[in-house]
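Asker: What follows is a structure written as structure tokens; I'll ask about it next.
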Amino acid sequence: MKKTKISIIGLGFVGLSIAVTNAREGFETIGIDSNKAKLKNLQIGKADFFEPKISAYLKESIKKNKVSFTENLNQILKTDLTFITVGTPSTKDGKIDLTSLKKVVSDLYKILKNKPKNHLIIIKSTVVPTTTSKVVLPILKKLKRVGVVVNPEFLREGNAINDLFKPHLIVIGYDDEKHCKTLEKYYKQFYKKMPEVLRTNHTTAEMIKYSNNAFLATKISFINSIANICQQLPLVDVNTISYAIGKDPRIGSQFLQAGPGFGGSCLPKDLSALIKFTDKFHGLNNFFKAVQNVNKLQTSQVVQMLKSLKLFNSKKVIAILGLAFKKDTDDLREAVSVKLVKNLLKNQMNIRVHDPMALDNFRKIFKNKITYCSKIEDCIRGANCCIILTEWDVYKKLESKLLRKNMKEPNIIDARRILIPSKFNDFNFKAIGLGPS
Ligand code: UDX
């Protein structure tokens, strides 16, 4: 069977993951983006962000001559289907910003109106329900040979390539069965074992993506709310509670890790867009506002702990281990570290930071206001307190001996619950969701 030729518009974390994975699997792939600097780097095999496996896949695909990168949208004419993976960020008031999507769709209309063969447009970007029917289709539906499907992705940063190969479900929203079949045909070429496919309409597919992320956000805000109560109760540990309730198959064990709040490029943005979308329907109780509020306040738990240790004072040296919004990424979007450091700097505190991947990105934000350390020892040396903000594996191995040897005072705040408290008996050990001993 002739392999489908594919193009991807928007080479952020989702678009680039799709591009290099397809190219590596032997599909002729064209990656399109308007950012010239990004394209220049990609052409020589350099990604502008860290994601496990991406770099290796990119280099391999370039070597095999299976992928090319361009800003020329006309190149889609060489392909059978186009994934749209442009960003749909939040506006200042939290609504979804569809500017990039609208521009791409209008450009596609001009290009595809002269294509004599069929073409399928796949909306991968997260869009609020009815965007396809009210914004995309009115532009593209005049083109008889062009189909539009909504096919949301559920990729996690730090695990994108694995998630691409093993999706829990493929959701396809369509208005004409033949378009759904075209996409299924491509997926049958991509997957050795075809995952389950859920066929539905455009708007349901859009709503599935929001429901998914809103539920994950809800689980985190739920466990963080429980954690904040546990913290007040002697000898109570939220981790024991997460374990116990996670054993109930009706609840499930994932996304019950209490922490300093969720960040990243998706959960906060999608929750906010859903809140604004819900507000349009008068009289609905907007449950998601509570989920968002819990998250907004969660970073203050760390500040409260600093205050209880009498360390929320100017001149105190605070070592922060972990800056990325989660491990295995260098992404700082909506990262707790950024919020916390801004707050500590207002109080003239002396901040040292360490992160295995996100140090350079952090430097771009805070410039010379803080000290950047590429070694953990340098970060904790002379510190009054050490705060763990990201659950990188390297911090899980931290030993009390090393901290004792280097720190000025024995204070630890484990905001990610990765250390075993009993190993730090000689420290003032504070942790999210851990009641006093
Ligand atoms: C998320 C969704 O998981 C993914 O399906 C979607 O496609 C994009 O958004 P991602 O943003 O990469 O993926 O990260 P995720 O692993 O979901 O974590 C989001 C945030 O929640 C992180 O800050 C993480 O630290 C936090 N989190 C996650 C918790 O605090 N506790 C948990 O138990 C799980």
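Asker: So which of ASN347, ASN293, ASN285 ends up being farther than 21 Å from ASP414 by Cβ and modelled with pLDDT of 95 or more?
Answerer: Exactly one of ASN347, ASN293, ASN285 is farther than 21 Å from ASP414 by Cβ and modelled with pLDDT of 95 or more, namely ASN293.
Asker: For segment 224-235, name all the residues that are of a type in the set (Val, Ile, Thr) and either open to solvent by less than 40 Å² (accessible area, probe 1.4 Å) or free of Cβ contacts under 8 Å to residues at least 40 places away in the same chain (or both).
Answerer: ILE229
Asker: If you scan segment 195-247, which residues turn out to be among the acidic types (Asp, Glu) and assigned to a helix (DSSP H, G or I)?
Answerer: Result: GLU206, single match.
Asker: Pairs under 9 Å by beta carbon, first residue part of a strand (DSSP E or B) in segment 415-437, partner acidic (Asp, Glu), six or more apart or different chains?
Answerer: The qualifying pairs are ASN428/GLU409; PHE429/ASP414; LYS430/ASP414; ALA431/ASP237; ALA431/ASP414; LEU434/ASP237; LEU434/ASP414.
Asker: I'd like to verify a number: residues in segment 269-291 that are within 11 Å of the ligand (Cβ to nearest atom) and out of contact with any strand residue (DSSP E or B) (no Cβ under 8 Å at 6 or more places or on another chain), how many?
Answerer: The number of residues fulfilling the criteria is 2.
Asker: Taking the residues in segment 141-152 that are of a type outside the set (S, T, N, Q) and at pLDDT 95 or above as candidates, determine which candidate is surrounded by the most Cβ atoms within 10 Å (Cβ to Cβ).
Answerer: The qualifying residue surrounded by the most Cβ atoms within 10 Å (Cβ to Cβ) is VAL150.
Asker: Can you report the number of residues in segment 303-337 which are closer than 24 Å to GLY158 by Cβ, out of contact with any Pro (no Cβ under 6 Å at 6 or more places or on another chain) and assigned to a helix (DSSP H, G or I)?
Answerer: Summing the residues that are closer than 24 Å to GLY158 by Cβ, out of contact with any Pro (no Cβ under 6 Å at 6 or more places or on another chain) and assigned to a helix (DSSP H, G or I) in segment 303-337 gives 1.
Asker: Right, here's the next one. Starting from residues that are open to solvent by less than 50 Å² (accessible area, probe 1.4 Å) and closer than 16 Å to THR329 by Cβ, keep the ones in segment 155-170 and report whichever is farthest from the ligand (Cβ to nearest atom).
Answerer: Among those that are open to solvent by less than 50 Å² (accessible area, probe 1.4 Å) and closer than 16 Å to THR329 by Cβ, it is ILE161.
Asker: If you don't mind, there's one more thing I want to ask. What number of residues within segment 115-132 are part of a loop (DSSP other than H, G, I, E, B) and either over 24 Å from GLN75 (Cβ atoms) or out of contact with any Leu (no Cβ under 8 Å at 6 or more places or on another chain) (or both)?
Answerer: Adding up the residues that qualify gives 8.
Asker: If you check VAL135 against the conditions, is it open to solvent by less than 20 Å² (accessible area, probe 1.4 Å) and away from the ligand (no atom under 14 Å from the Cβ)?
Answerer: Answer is no for this residue.
Asker: Let me ask something else. What number of residues within segment 76-110 are farther than 19 Å from LYS124 by Cα and in contact (Cβ under 8 Å) with a residue 40 or more places away in the chain?
Answerer: Counting residues in segment 76-110 that are farther than 19 Å from LYS124 by Cα and in contact (Cβ under 8 Å) with a residue 40 or more places away in the chain gives 3.
Asker: List, please: which pairs have Cβ atoms under 9 Å, are six or more places apart or on different chains, and start with a residue in segment 212-223 that is on the phi > 0 side of the Ramachandran plot and end with one that is modelled with pLDDT under 95 and more than 9 Å from the ligand (Cβ to nearest atom)?
Answerer: none
Asker: Can ILE208 be described as in contact with a strand residue (DSSP E or B) (Cβ under 8 Å, 6 or more places away or on another chain), within 15 Å of the ligand (Cβ to nearest atom) and open to solvent by 20 Å² or more (accessible area, probe 1.4 Å)?
Answerer: So ILE208 fits the description; yes.
Asker: May I ask you to verify whether PHE69 is within 16 Å of the ligand (Cβ to nearest atom) and closer than 18 Å to LYS124 by Cβ?
Answerer: no
Asker: Those residues that are part of a helix (DSSP H, G or I), without any contact (Cβ under 8 Å) to a residue 60 or more places away in the chain and open to solvent by less than 60 Å² (accessible area, probe 1.4 Å), I need them from segment 57-75; list them, please.
Answerer: Within segment 57-75, LEU58, SER61, ILE62 qualify.
Asker: Between a first residue in segment 245-263 that is free of Cβ contacts under 8 Å to residues at least 40 places away in the same chain and a second residue that is in a loop (DSSP other than H, G, I, E, B) and open to solvent by less than 80 Å² (accessible area, probe 1.4 Å), which pairs have beta carbons less than 8 Å apart while being 6 or more apart in sequence or on different chains?
Answerer: Between residues of segment 245-263 that are free of Cβ contacts under 8 Å to residues at least 40 places away in the same chain and residues that are in a loop (DSSP other than H, G, I, E, B) and open to solvent by less than 80 Å² (accessible area, probe 1.4 Å), the close pairs are ILE245/ILE251; ILE245/LEU256; GLY246/GLY252; GLY246/LEU256.
Asker: Consider LEU321 carefully, then state whether it is surrounded by fewer than 21 Cβ atoms within 10 Å (Cβ to Cβ) and touching a strand residue (DSSP E or B) at 6+ places or on another chain (Cβ under 9 Å).
Answerer: When the stated conditions are applied, LEU321 does not pass them.
Asker: Considering each of LYS408, LYS401 in turn, give the residue that is in a loop (DSSP other than H, G, I, E, B), away from the ligand (no atom under 16 Å from the Cβ) and open to solvent by 20 Å² or more (accessible area, probe 1.4 Å).
Answerer: Result: LYS408 is the single residue among LYS408, LYS401 that is in a loop (DSSP other than H, G, I, E, B), away from the ligand (no atom under 16 Å from the Cβ) and open to solvent by 20 Å² or more (accessible area, probe 1.4 Å).
Asker: Could you tell me whether segment 91-102 includes any residue that is under 13 Å from SER7 (Cα atoms) and assigned to a strand (DSSP E or B)?
Answerer: Within segment 91-102, not a single residue is under 13 Å from SER7 (Cα atoms) and assigned to a strand (DSSP E or B).
Asker: Sticking with this one: State whether the residues of segment 332-341 include one that is crowded, with 18+ Cβ neighbours inside 10 Å, over 26 Å from PHE255 (Cα atoms), more than 15 Å from the chain's Cα centre (by Cα) and modelled with pLDDT of 95 or more.
Answerer: no
Asker: Scan segment 240-268 for residues that are within 11 Å of the ligand (Cβ to nearest atom), open to solvent by 40 Å² or more (accessible area, probe 1.4 Å) and not small (Gly, Ala, Ser) and jot them down.
Answerer: GLN254, PHE255, GLN257, listed by residue number.
The values are calculated or read from the model by the stated rules, or taken from the named source; none is laboratory data. Keep in mind that this is a model prediction, so the values were computed, not measured. Backbone-built Cβ (ideal geometry, glycine too); neighbour counts: all protein chains shown. Side chains included, ligands, DNA and RNA excluded: accessible areas come from the protein's heavy atoms. Shrake-Rupley method; radii C 1.70, N 1.55, O 1.52, S 1.80 Å.
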